[in-house]
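The values are calculated or read from the model by the stated rules, or taken from the named source; none is laboratory data. Everything numeric here is computed off the predicted structure, so don't read it as measured data. For neighbour counting, all protein chains shown are included, and Cβ atoms are generated from backbone atoms with ideal geometry for every residue, glycine included.
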Amino acid sequence: MNRSVTTRFAPSPTGYLHLGHAYSALFSHQKAQQAGGRFLLRMEDIDVGRCRSEFHDAILEDLAWLGLTWEGPVRRQSEHMAVYANALHRLRERALLYPCFCSRREIAEEIAASASAPHGPDGPHYPGTCRTMDPQVRRERLDRGDPHALRLDMQQAIHQAGILGWSDAEQGDQVARPEIFGDVVLARRDVATSYHLSVTVDDHLQGVTLVTRGTDLFEASHVHRLLQALLDLDRPLYHHHRLLVGTDGKRFAKRDKSLTLRALREAGRTAEEVRTMALGQDRKETM
Ligand code: GLU
């Protein structure tokens, strides 16, 4: 038994859970169980415009139907904005944040006009327009209350943190390469935090020792490792798991209504059948 292993499932309540989520939740739960550890649940509901309480309730209900139990109260990110503000404050004190007033359109225009814009996992890098803004103009715009995001000065951040490593259970030891994202947004214009910031802070505060999630978020771990170093947070292990795909070879998405756990349940599938559908291939692989 290794009580110190703590995993979590961290869905965003922006839709109903589908088979891919079921796989991810069962995977995480299994990793905790195998080690006699803890499995936690977190609602990543910072995106006030897209999250709905109806989905929050449905997720709890679907996971319980699937037979999953989690330890302690569910952490709702929207209730912890002060914690993220504090983390931003610490980064600001290290002179690693700058306000970005650019609209999406302005960024796109700037990129289109530049000869070569580096591309990262989330698309072209931010061209750095506001990083080099005249301090006086920046002050005036802030005083005027112009809407802005907060971006990480990636080069400075890497310079301060030095060379970092992290480890994935399947892909082994990694050298952190957060630079592939450029100056990431850590607080959005409309929401005073971001996925990268809140996920990293929360994994630390919840004592998560093994972050399990799909390989679609593999690269994000480079940024998370950097934030851990800058904010002096614990460093978990990672296990990025495969993504379930449908018969068409495409991964499940929230728009695939027919494979939501609700739809499967309404079509008469039992929880055991759905667990087998989700984990089926893994079982074969381990036989
Ligand atoms: N909230 C993220 C999602 O639903 C998962 C975050 C994570 O596991 O790090 O895709």
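With a requirement of 3 or more residues that are away from the ligand (no atom under 16 Å from the Cβ), the strands (runs of 3 or more DSSP E) lying completely within region 144-228 that satisfy it span 149-152, 172-175.
Return the only residue of 225, 189, 177 being crowded, with 20+ Cβ neighbours inside 10 Å, of a type in the set (D, E, K, R) and at negative phi. Step by step, each of 225, 189, 177 is checked, and only 225 is crowded, with 20+ Cβ neighbours inside 10 Å, of a type in the set (D, E, K, R) and at negative phi. Residues that are assigned to a helix (DSSP H, G or I), modelled with pLDDT of 95 or more and not polar (S, T, N, Q) do not occur anywhere in region 118-127.
How do the helices (runs of 4 or more DSSP H) wholly within region 1-107 filter down when requiring 2 or more residues that are at pLDDT 95 or above and among the aromatic types (Phe, Trp, Tyr): which remain? Reasoning before the result, please.
Numbers: elements: 19-34, 53-66, 81-93.
Qualifying helices (runs of 4 or more DSSP H): 19-34, 53-66.
All conditions in (1) of a type outside the set (A, V, I, L, M, F, W, C); (2) out of contact with any Asp or Glu (no Cβ under 7 Å at 6 or more places or on another chain); (3) on the phi > 0 side of the Ramachandran plot hold for residue 79, with the sole exception of (3).
For every residue, the table says whether it meets (1) under 28 Å from residue 187 (Cα atoms); (2) in contact with a Ser or Thr (Cβ under 8 Å, 6 or more places away or on another chain); (3) more than 15 Å from the ligand (Cβ to nearest atom).
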site	(1), (2), (3)
27	no, yes, no
30	no, no, yes
38	no, yes, yes
52	yes, yes, no
55	yes, yes, no
64	no, no, yes
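Looking for whichever is more than 11 Å from the ligand (Cβ to nearest atom), crowded, with 17+ Cβ neighbours inside 10 Å and β-branched (Val, Ile, Thr) here; the options are 6, 69. Which one fits?
6
The set of residues in region 229-251 that are within 12 Å of the ligand (Cβ to nearest atom) and crowded, with 20+ Cβ neighbours inside 10 Å comprises 236, 238, 240. Scanning region 235-259 for residues that are modelled with pLDDT of 95 or more and either more than 30 Å from residue 165 (Cβ to Cβ) or aromatic (Phe, Trp, Tyr) (or both) yields one hit, 238.
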